[in-house]
Each structure stands twice: as C-alpha cells, then as structure tokens.
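The values are calculated or read from the model by the stated rules, or taken from the named source; none is laboratory data. Remember, it's a predicted structure, so these values are computed and weren't measured experimentally. Counting neighbours? That spans all protein chains shown, and the Cβs are built from the backbone with ideal geometry, glycine included. Heads up: the accessible areas ignore ligands, DNA and RNA and are worked out on the full protein's heavy atoms, side chains in. Shrake-Rupley method; radii C 1.70, N 1.55, O 1.52, S 1.80 Å.
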Amino acid sequence: MGFRNGRRRVVLVVAVLLAVATVATIVYRVLAPAEVSTVARAAYPTPADPPAGVIGRLPVAPLVVDDRLRVYAGHRQVYADRPVDGRYRTTPFWSYRRWPAELVGVVASGTTVVSRWSDGRLVALDARDGRVAWRADGPEPARKPDARRTGAAIVWDPPGLYLARTGDGRDVLVATGAGEARGVDLAGGRELWRVPLGGDCRVDVGTTSTGRLVGVDRCAGPAAVEFRDVATGTVTDRWRPPGTGDDVVVTPVGCRSGRSECPALRTAGPGDAAGRGWLVGPGAPVAAPALDRLDTQLAGEQAVGVVGGVLVGRSARTGAESWRRPDLGPGRVIAVQPDRVHLLTDANELVTLDPVTGAERSRFPLTVGRDGTGYAPGAVYASGGYVAVERLRRPVDPDADDQGYFLSAEPVVLAAT
C-alpha cells in the first residue's frame, strides 16, 4: 500500500509540475515582449483616381499613403487596407503588431510608414508589402496622444514625431521626448544625431519646409523660438518675435502633414488674441500680415481665410488680394493643400477651390448614405486630394464617451476633391 501511495504522489507531483510548466509557457507567450508582422499576400495596388465626391465612411481615421493605401492605428497595431477609395474599411492588406508597447504615432513619406511606440521604439514598414524596413531606438514619448477610438491624434497629428527634408534632399525623421531629440535617416534608420533638451521648460512646435526643428525654449529666461538643423541637430538660430513678453505661443501654419514641413508660423504673446504671421525660410522669419488672423490658412503662396463672411485669397508675401468669393456663403476653411483650399459651409457642404485663382474644383454635401449633414466637424485631414473629417454629435460634449461624442459607429467620412 505504501508503494502504491508513493507512486500516486510521484504521479501527482509530475502532473502538477507539467501543469505549472504549461501555464508558465502560456503566460510567457501572452505577456512576453513580442511583435507580429503579417505581410501582404496580394500585389501592391495601383494609384486610384476617383471622381470628386464622398467615397465612404470609416470607423477609424485613415492616413493616405502613396495614393494607394489607407493606414490606420490600433491600440497595439498599425495596419493598412486597400483600395484607397474603398467605401468601407476592408480586410488588412498588411499589419504589424507589438506587445506590450502601445502605438503612439504614425507618419508616412512615399512608401515608408514609420510607427512610434510607447517604449520609444521606432519601426519603419515598407507600404508596398508591410515588411519591416528598419528598427531604431528613440526617446520615450513625453506624453501619449489623447486618441479616441478613431485614432485621429495618432495618424493625423502625432505629438513629438515629425518629418523634414535637409538642404541636400535627404528625408529625416525627428522624434522628441524624455528630455531629448533624435534625428533618424528615413531611408535606412541610421541615427544621425541625439541632443538633450530641457524638460517642461521647452515645447516642440514642428518642422519647417526648409529643414529645421522649431521649439519654444523657456529654460534660460524669456521665451525664445529655437531653430535646429534637422541634418545635424545643432541650433542655427534663436529668435524672439517683436513685441512679445516673457512668454510666446507658436503655431505652425500650412504644414504638409500634421506639424511637419510647415512654411509658416503664427506667434502670440499673453493677451494677444490674433497673433502675428511669419514665413519661415533658411534665415530669420519674415513678417506676413496676411497670416495674422487665426482663421487664415496658407496654401502654397496664398493666405486664404474668411473676412467679413467672404472667402478671400491674398499673397502671403505682399498681402495683395488675389481673389474673393462672396457667393459661397457662411463657412470656414477646414484644411488646405498646396493646390487646394477646402471650405466647409455652415450646411456641411465641402467646397474645394484653387488657391491661386479661387476657381471652384468641386462642391458636394459632405455626407454618405442617409447620415445627413446634422453634425459638427471634428478633426480634419487632407492629403493627395483626399479629405477626411470626423463627424461629432451636436451639441459637442468634449467630456462625453465615444458613443456620445461621435455621430455614429463610423464617424469618419472620406472624400475625393
């Protein structure tokens, strides 16, 4: 009997050890840091050329890449679908997932899609098949974007993640956070430079179209605008806008995407409701009074905004009026591209104009199906002739949950202009 009981105990101990080992293996596989790359199985799609009008509605915010794909942000995943003019989101063309890090930013240039993660890791994907092109270490983000379920803040305006081009034509990715900034060669992922930055006494603004990182530095006295060369990371200029006091707020204007490659800035001091507009180049900023108004945008060389209820285009450099459109009715400019100005009327009709002449390129109600136009516009994105707009419930309650904040389960409407 003792032998049998001893044998049973041995069998029981072995079974328990096997169970523990199995559980440990499962826990490790679930919780251990990992990445999963699911590459494309189909051919890279051809560029789309849809007619002007609403394409469809989406549950999440799209980033249009290479006029062929739409790229989206998930909690721990970046993925793409196609075609770019598809009416609905479709099965992923490719996807890339990391664990346990969270996705905090996505930018794209050409066929390179760069994702930034909460642990600071930068991962570049080839948009043509979703394969990892390179990996690099970056600073941990200073803050996570306030991204609701659409993920718009991650793909349309990721904080601390910028694109720029050097004077000799090289594309550079700049990542800031955790008290430092790093410049990375976009083509191969090689770190070009790394510099320490002040903590809470310094704020990033974005990058200019002439290859400089812009920040506001309050660390050594009155606030100054700092320009840093994206090729080397060195400070090339410090500038205090005339008439500002100890503090200044700087807003990028006319950017190619998010806060990247911006040809102009708007500065404002305490109590200055409007501010002053400036064109930025390789030297000191040049005053551009045509950009002084908060509701004025820069499209190419034209400052476009609503003045006295009328949409007006003026030369950003001289302020001379180029055209006006009193026939459009009440509305506001929601987005610009170098060759397009997008006006959303009070009736939620999207009107797209040529910024040089003011001629109409397209006009249509910004709605789909039976959704109607009784919504308030939220975040807006424009690139490659496409416009995407978040639709919010009226009256807008910023403190509401997503169900009460967005118009529907598919709140993003995508249009070709």
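Quick notes on this structure:
- Remark: relative contact order (segment 311-412) = 15 percent; criterion is Cα-Cα distance under 8 angstrom and separation of 6 or more residues.
- By the helix-only formula, in which each DSSP H run with n ≥ 4 contributes -39500 (n - 2.57) and the sum is divided by residues, the chain has a 222 nm mean residue ellipticity of -3000 deg cm²/dmol.
- Between segment 277-304 and segment 127-201, the alpha-carbon centres lie 26 Å apart.
- R0 of 41 Å, Cβ-Cβ distance A220-D346: FRET efficiency to nearest 0.05: 0.30
- Added length on full extension, which subtracts the Cα-Cα distance from 0.36 nm per residue, R361 to D49: 110.8 nm
- Accessible solvent surface per residue of segment 160-287, calculated while the other protein chains remain in place, 1.4 angstrom probe, Å²: 40 Å²
- Short-range pairs are left out: with C-alpha atoms under 8 Å and at least six residues apart, the relative contact order of segment 25-144 is 23 percent.
- In this simple spin-label model, placing a label point 7 Å from the Cα along the Cα-to-Cβ direction at both T251 and A376 gives a separation of 1.7 nm.
- Most fluctuating residue given options V235, V389, V184, as computed from a GNM of the chain linking Cα atoms under 10 Å: V235
- When the Gaussian network model of the chain links Cα atoms closer than 10 Å, the mean-square fluctuations of A124, A388, A379 top out at A379.
- Placing a label point 7 Å from the Cα of A409 along the Cα-to-Cβ direction, the residues of segment 63-82 with a backbone N closer than 19 Å are 74-75.
- Subtracting the Cα-Cα distance of V195 and T318 from their residue separation scaled by 0.36 nm leaves 40.5 nm.
- Mean accessible surface per residue for segment 42-102, computed with a 1.4 Å probe while every protein chain stays in place, in Å²: 42 Å²
- The chain - percent relative contact order, Cα under 8 Å, separation 6 or more: 11 percent
- Zone residues, segment 197-221, relative to K144, backbone N less than 17 Å from point 7 Å out along Cα-to-Cβ: none
- Label-to-label distance for S118 and T38 is 2.2 nm, based on points extended 7 Å past Cα in the beta-carbon direction.
- Residues of segment 356-386 falling in the label zone of R87, defined by backbone nitrogen less than 18 Å from a point 7 Å along Cα to beta-carbon, are 365-372.
- By accessible area, using a 1.4 Å probe on protein heavy atoms only, segment 165-309 has 51% of its surface on carbon and sulfur.
- 3J(HN,Hα) along segment 69-75: 10, 10, 10, 10, 10, x, 4 Hz, from the Karplus curve 6.51 cos²θ - 1.76 cosθ + 1.60 with θ = phi - 60°, whole Hz, x for Gly and Pro.
- The angle separating the long axis of helix 2-31 from the principal Cα axis of greatest extent in the chain is about 10 degrees.
- Taking a sphere under 14 Å around the Cβ of G211 and counting the other residues whose Cβ falls inside, with K and R at +1 and D and E at -1, yields a net charge of -1.
- Matching label, Kirkwood radius over Cα pairs in Å computed from the structure shown, candidates (1) 23.3; (2) 21.9; (3) 22.5: (1)
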